[in-house]
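The values are calculated or read from the model by the stated rules, or taken from the named source; none is laboratory data. Not measured: the values here are computed from a predicted model. Every residue, glycine as well, gets a Cβ built from its backbone with ideal geometry; the counts of neighbours run over all protein chains shown. Accessible surface areas use protein heavy atoms only, side chains included; no ligands, DNA or RNA. Shrake-Rupley method; radii C 1.70, N 1.55, O 1.52, S 1.80 Å.
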Amino acid sequence: MKNRLADLIANAVASCTQKGLLPDVKLPHIEIEVPANPEHGDYACNIAMILASQAKQNPRAIAKTILENLVDPNGLIEKAQIAGPGFLNFQLKDDFWRQILLQIQDQREKYGCLNIGQGKKVQVEFVSANPTGPLHIGHARGAVVGDVLSNLLQANGYRVSREYYINDAGNQMNNLGKSVLYRYREILGEKIEFPENCYRGDYIKDISSDIINKEGKRYLTQAEEETVPYFNAVAGAVILEGIKQDLKDFGVTFDNYFSEKELYKENGVSDLLSSLQKQGFIYSDGETLWFKTTAYGDEKDRVVIRKNGDPTYFAADIAYHRNKFARGFDILIDIWGADHHGYMPRLWAAIQALGHDKDDLKIILVQLVNLLRAGEPVAMSTRSGEFVTLREVLDEVGKDAARYNFLMRRSDSHLDFDLEVAKKQSNENPVFYVQYAHARICSIIRMACERGMALPAYKNMNPSLLAQPEERVLIKMMARYPEMLEGAVKSLEVHRITFYLNELAGVFHSYYNKNKVVTEDMALSAARLVLVDAVRIVLENALKILGVNAPQKM
RNA sequence: GCGCCUGUAGCUCAGCUGGAUAGAGCAACGGACUUCUAAUCCGUUGGCCGAGAGUUCGAAUCCCUCCAGGCGCACCA
């Protein structure tokens with residue numbers, strides 16, 4: 001829609017320059033926007049003001065020249081005028097707007113989706129929580145953002161792979177094994193003092209008891225160095241299974257779980273280091289190996305091999321990202337908790353050293369979640385075991401409300417998540433507002449069927465009966481859907497979908513309260529049924545991207 | 001001390017990448033169910049866009065300087 005108008009204007013400007021009415025100016029990107037004030041028409045363009053300084057002419061005069069040379073072969077434009085400092089305001093023909101309905105009915109679940117990605121391969125890595133404990137509410141936000149972003153890109157022409165990186169090779173796994181062992185001993189009667197770095201949650205006890213039930217007390221006598229690695233493996237596997245199950249119930253699935261351990265097995269880290277060494281990015285200070293990340297703007301160089309000979313987490317992470325690129329992805333997207341932001345410059349430095357563009361790796365920071373219960377903050381810490389798990393949130397507020405809540409803010413703004421509010425089935429909870437709109441439309445269509453009015457095909461209704469101003473507003477709102485999706489894809493901002501949905505649902509509810517869809521007037525009813533069904537389709541399409549259910553009844 | 005994020009209505013937040021008179025939701029107040037679902041709608045109240053200077057036709061948006069809050073600044077992950 002916007003694009004077709006932009007083309008007309010571009011042609012008009014070109015023809016003006018050709019005729020010498022305008023100096024030969026460089027044509028800037030033509031911005032078409034939807035004016036906030038409906039009196040300013042359906043679309044507005046600021047081109048005349050942009051050109052004013054280059055052309056050294058009064059913007060209103062330029063606007064006039066452009067309008068005089070505007071050719072509209074398909075008759076889109078009802079009215080065009082110059083306003084304010086030099087805006088071009090356009091009102092499109094009603095017929096043109098009504099064609100949107102045809103398009104929606106025609107494309108159904110595909111309506112709104114554009115082939116922006118053109119088949120590019122993109123990998124989205126998210127969650128990637130250490131398997132040392134169940135997922136908590138902080139992980140949940142990243143999970144939803146990653147999942148919805150993947151859905152969004154997939155719907156718009158990208159080939160998307162979702163991946164979870166399992167940090168199963170670091171110290172924290174040892175601490176996990178130890179924690180299980182200490183609980184094991186404790187249950188079997190020993191008195192234990194827990195070190196600082198051990199995990200205290202009840203899930204550790206469960207794993208310990210389970211080992212006792214299956215294998216008895218034989219690990220009491222075995223040397224700790226032998227037991228811990230085994231307990232690591234057992235606990236890691238149990239916890240990872242739990243994580244997968246929680247995610248699945250949250251509507252989040254992955255194409256691939258990538259193990260850090262596997263990376264080492266395949267010499268990914270040592271290969272990486274030797275190749276960086278050849279390129280001259282590695283130097284030694286006698287005890288440790290350093291990576292010259294300052295060569296690409298990092299504030300200081302980073303250690304890759306420690307004094308004790310072990311590679312750092314960073315070394316493994318570079319190897320991991322090299323591995324990702326080697327798998328043929330055109331774009332990598334990492335979704336991180338905002339507390340890791342300090343890590344970005346060094347990773348960007350690393351991928352540039354590997355010969356990639358900084359833009360090939362997009363990093364989305366998701367701010368931490370302040371968990372509240374009835375306005376009171378809830379303290380959380382994985383080590384102490386005091387946290388609200390994703391499981392508990394799912395059980396308490398449900399999948400749809402939880403997901404929607406995480407999508408109502410830009411990901412880089414802090415989010416207050418109040419359990420009491422989220423589980424209320426009331427107007428404080430916007431997810432129901434949107435779902436209700438969908439259910440209402442389904443209900444109308446059901447009612448129409450009962451009265452013997454099956455949903456008519458678009459071609460069998462008379463679109464010019466949709467003459468109410470609210471109907472025009474609804475149609476314009478639906479016409480904006482593809483534009484909104486495009487913006488969300490380009491900015492990688494999924495919250496825009498939620499805001500759009502709230503607005504669309506609002507416009508519909510308002511229409512519903514003012515106009516009756518199914519009446520004695522068969523022709524009018526048919527037209528309105530097609531209209532509201534189009535709204536239903538758009539709601540359903542958008543909710544599907546959010547991974548939120550679109551109910552037939554509420 | 002350095003870096004990143006945030007600061008917009010009483011509260012929680014949008015603001016389409018520089019546009020026209022800054023918008024929603026919640027809260028408060030007043031109205032609308034004999035009606036296709038009142039989980040809804042209609043109306044009213046509410047603003048020095050943290051502060052100051054700058055860039056230009058035009059700034060909540062961009063540059064600079066402050067102020068406040070959050071988060072980082074490991075041979076942890």
Exercise. Among the residues of segment A:166-177, which ones are open to solvent by 10 Å² or more (accessible area, probe 1.4 Å), touching a Ser or Thr at 6+ places or on another chain (Cβ under 9 Å) and not polar (S, T, N, Q)?
Worked result: A:166, A:168, A:169, A:173
Exercise. Scanning for something in contact (Cβ under 8 Å) with a residue 40 or more places away in the chain, open to solvent by less than 50 Å² (accessible area, probe 1.4 Å), near RNA strand B (Cβ under 10 Å from one of its atoms) and not in a loop (DSSP other than H, G, I, E, B), does segment A:445-455 turn up at least one residue?
Worked result: yes
Exercise. If you take the residues of segment A:510-524 that are touching a residue at least 24 places away in the same chain (Cβ under 8 Å) and more than 7 Å from RNA strand B (Cβ to nearest atom), which of them is nearest to residue A:430 (Cα to Cα)?
Worked result: A:511
For this session: Filter segment A:19-31 for residues that are free of Cβ contacts under 8 Å to residues at least 12 places away in the same chain and farther than 30 Å from residue A:478 by Cα and give the result.
Result: A:20, A:24
For this session: Considering only residues that are small (Gly, Ala, Ser) and under 30 Å from residue A:163 (Cα atoms), look in segment A:213-253 and name the one that is surrounded by the most Cβ atoms within 10 Å (Cβ to Cβ).
Result: A:235
Exercise. Within segment A:50-64, is there a residue that is near RNA strand B (Cβ under 9 Å from one of its atoms) and open to solvent by 60 Å² or more (accessible area, probe 1.4 Å)?
Worked result: yes
Exercise. Hey, among the residues in segment A:254-282 that are open to solvent by 80 Å² or more (accessible area, probe 1.4 Å) and touching a residue at least 12 places away in the same chain (Cβ under 8 Å), which one's farthest from residue A:161 (Cα to Cα)?
Worked result: A:279
Exercise. Only one of these conditions is not met by residue A:145: (1) free of Cβ contacts under 8 Å to residues at least 60 places away in the same chain; (2) within 14 Å of RNA strand B (Cβ to nearest atom). Which number is it?
Worked result: (1)
For this session: Sort through A:211, A:207 and tell me the only one that's more than 23 Å from residue A:139 (Cβ to Cβ), at pLDDT 95 or above and more than 16 Å from RNA strand B (Cβ to nearest atom).
Result: A:211
Exercise. List the pairs whose first member sits in segment A:66-82 and is modelled with pLDDT under 90, whose second member is crowded, with 18+ Cβ neighbours inside 10 Å and aliphatic (A, V, I, L, M), and whose Cβ atoms are under 6 Å apart, counting only residues at least 6 apart or on separate chains?
Worked result: A:76/A:92
For this session: State whether the residues of segment A:476-490 include one that is open to solvent by 40 Å² or more (accessible area, probe 1.4 Å) and modelled with pLDDT of 95 or more.
Result: no
Problem set entry | Pick from segment A:307-326, criterion within 12 Å of RNA strand B (Cβ to nearest atom) and of a type in the set (Gly, Ala, Ser), ranking: surrounded by the most Cβ atoms within 10 Å (Cβ to Cβ) | A:315
For this session: Considering each residue of segment A:498-537, count those that are among the β-branched types (Val, Ile, Thr) and closer than 17 Å to residue A:436 by Cα, and give that number.
Result: 6
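Every residue, every condition in (1) modelled with pLDDT of 90 or more; (2) more than 21 Å from the chain's Cα centre (by Cα); (3) not aromatic (Phe, Trp, Tyr), yes or no:
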| position | (1), (2), (3) |
| --- | --- |
| A:364 | yes, no, yes |
| A:405 | yes, no, yes |
| A:409 | yes, no, yes |
| A:436 | yes, yes, no |
| A:460 | no, yes, yes |
Exercise. Which pairs do you get when a residue that is touching a residue at least 60 places away in the same chain (Cβ under 8 Å) and closer than 19 Å to residue A:12 by Cβ, found in segment A:32-55, comes within reach of a residue that is part of a helix (DSSP H, G or I) and of a type in the set (D, E, K, R), reach meaning Cβ atoms under 8 angstrom, with the pair 6+ apart or on two chains?
Worked result: A:42/A:476
For this session: Confirm whether residue A:199 is outside any helix (DSSP H, G or I) and at pLDDT below 95.
Result: yes
Exercise. Based on what the data block shows, is residue A:477 more than 8 Å from RNA strand B (Cβ to nearest atom) and either part of a helix (DSSP H, G or I) or within 30 Å of residue A:363 (Cβ to Cβ) (or both)?
Worked result: yes
Exercise. Of the residues that make up segment A:416-428, is at least one under 28 Å from residue A:155 (Cβ atoms), surrounded by 13 or more Cβ atoms within 10 Å (Cβ to Cβ) and within 12 Å of RNA strand B (Cβ to nearest atom)?
Worked result: yes
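Could you please let me know if residue A:260 is under 31 Å from the mean Cα position of the chain (by Cα) and of a type outside the set (A, V, I, L, M)?
In short, yes.
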Problem set entry | Leading residue by the ranking (nearest to residue A:266 (Cα to Cα)) among those in segment A:163-196 that are outside any loop (DSSP other than H, G, I, E, B) and of a type in the set (A, V, I, L, M) | A:166
For this session: From A:395, A:359, A:334, A:301, grab the single residue that is without any contact (Cβ under 8 Å) to a residue 40 or more places away in the chain, closer than 30 Å to residue A:265 by Cβ and among the charged types (D, E, K, R).
Result: A:301
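For residue A:373, state whether it is more than 24 Å from the chain's Cα centre (by Cα), of a type outside the set (A, V, I, L, M) and within 9 Å of RNA strand B (Cβ to nearest atom).
It is false that residue A:373 is more than 24 Å from the chain's Cα centre (by Cα), of a type outside the set (A, V, I, L, M) and within 9 Å of RNA strand B (Cβ to nearest atom).
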For this session: Run down A:494, A:507 and say which single residue is free of Cβ contacts under 8 Å to residues at least 40 places away in the same chain and surrounded by 15 or more Cβ atoms within 10 Å (Cβ to Cβ).
Result: A:507
